[in-house]
Amino acid sequence: MSKGRAEAAAGAPGILLRYLQEQNRPYSAQDVFGNLQREHGLGKAAVVKALEQLAQQGKIKEKMYGKQKIYFADQDQFAMVSDADLQGLDAKIVALTAKVQSLQQSCRHMEAELKELTSALTTPEMQKEIQELKKECAGYRERLKNIKAATNHVTPEEKERVYKERQKYCKEWRKRKRMATELSDAILEGYPKSKKQFFEEVGIETDEDHNVKLPDP
């Protein structure tokens, strides 16, 4: 055993007695070891030995729960608490619980704010982005200026006329294609050869032959 571990083991009874009296609640040896090992560097064996020693000396109480030993402070050393004191303690617990909840809520708000600030752009990044946006905006202004300065604008009336003509010609296209299809289908009913051969002999060229598609209505 190292010198530091030996010194910690020697002082273990005092440390554990003070801890159990301050906490005033039951603990197993494993609980005490887990709660104090980091702060005091106590080993598991030293904790078990110190608790058994304190129990034998009557400084703490020991009880068996199943196969596990539970240790707690001797309650005889504490003064009796009146009902009024208990009510006062209950009220204090309620107040402290409310304070804890308020602090937890405040902590959540601060964590959310911190997350937002952490994900936000830094000042240099913002300055760089502003410069890029100004450059982009200047490009749009120049483009708008050229559009306004152009002399080949299409008036709304001209645009409307073009759209109407397109509708007219597409309607006529659709009508003629339907008529041609119905006529060829009628001929093919008594034609001895295939549709492809019929088109080749007559010299019919379809939209599909030229990769042309009739626009949607």
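The values are calculated or read from the model by the stated rules, or taken from the named source; none is laboratory data. All values reported here derive from a predicted model rather than from experimental measurement. FYI the Cβ positions are ideal-geometry reconstructions off the backbone, even for glycines, and counts take in every protein chain you see. Ligands, DNA and RNA are excluded from the accessible area calculation, which covers all protein heavy atoms including side chains. Shrake-Rupley method; radii C 1.70, N 1.55, O 1.52, S 1.80 Å.
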Cross-chain or 6+ apart pairs with Cβ under 8 Å, the range 175-199 first and basic (Lys, Arg), then part of a helix (DSSP H, G or I): LYS193/GLU201; LYS195/SER184; LYS195/LEU188
The range 157-172, residues that are open to solvent by less than 100 Å² (accessible area, probe 1.4 Å) and either more than 22 Å from LEU214 (Cβ to Cβ) or not aliphatic (A, V, I, L, M) (or both): GLU158, GLU160, GLU165, CYS170, GLU172
Qualifying residue in the range 46-56 (condition: under 50 Å from the mean Cα position of the chain (by Cα), open to solvent by 80 Å² or more (accessible area, probe 1.4 Å) and within 14 Å of GLN21 (Cα to Cα)): no
Pairs with Cβ under 8 Å, 6+ apart, first in the range 201-216 and of a type in the set (Val, Ile, Thr), second surrounded by 10 or more Cβ atoms within 10 Å (Cβ to Cβ) and not in a loop (DSSP other than H, G, I, E, B): ILE204/ALA180; ILE204/SER184; ILE204/PHE198; THR206/PHE199
Selected residue [in contact with a helix residue (DSSP H, G or I) (Cβ under 7 Å, 6 or more places away or on another chain) and modelled with pLDDT under 95] from LEU117, LEU96, LEU121: LEU121
Search result, residues across the range 71-93 that are at pLDDT 90 or above and either under 16 Å from ARG25 (Cβ atoms) or not small (Gly, Ala, Ser) (or both): TYR71, PHE72, LYS92, ILE93
Residue match in the range 131-146 (condition: part of a helix (DSSP H, G or I) and touching a Leu at 6+ places or on another chain (Cβ under 8 Å)): no
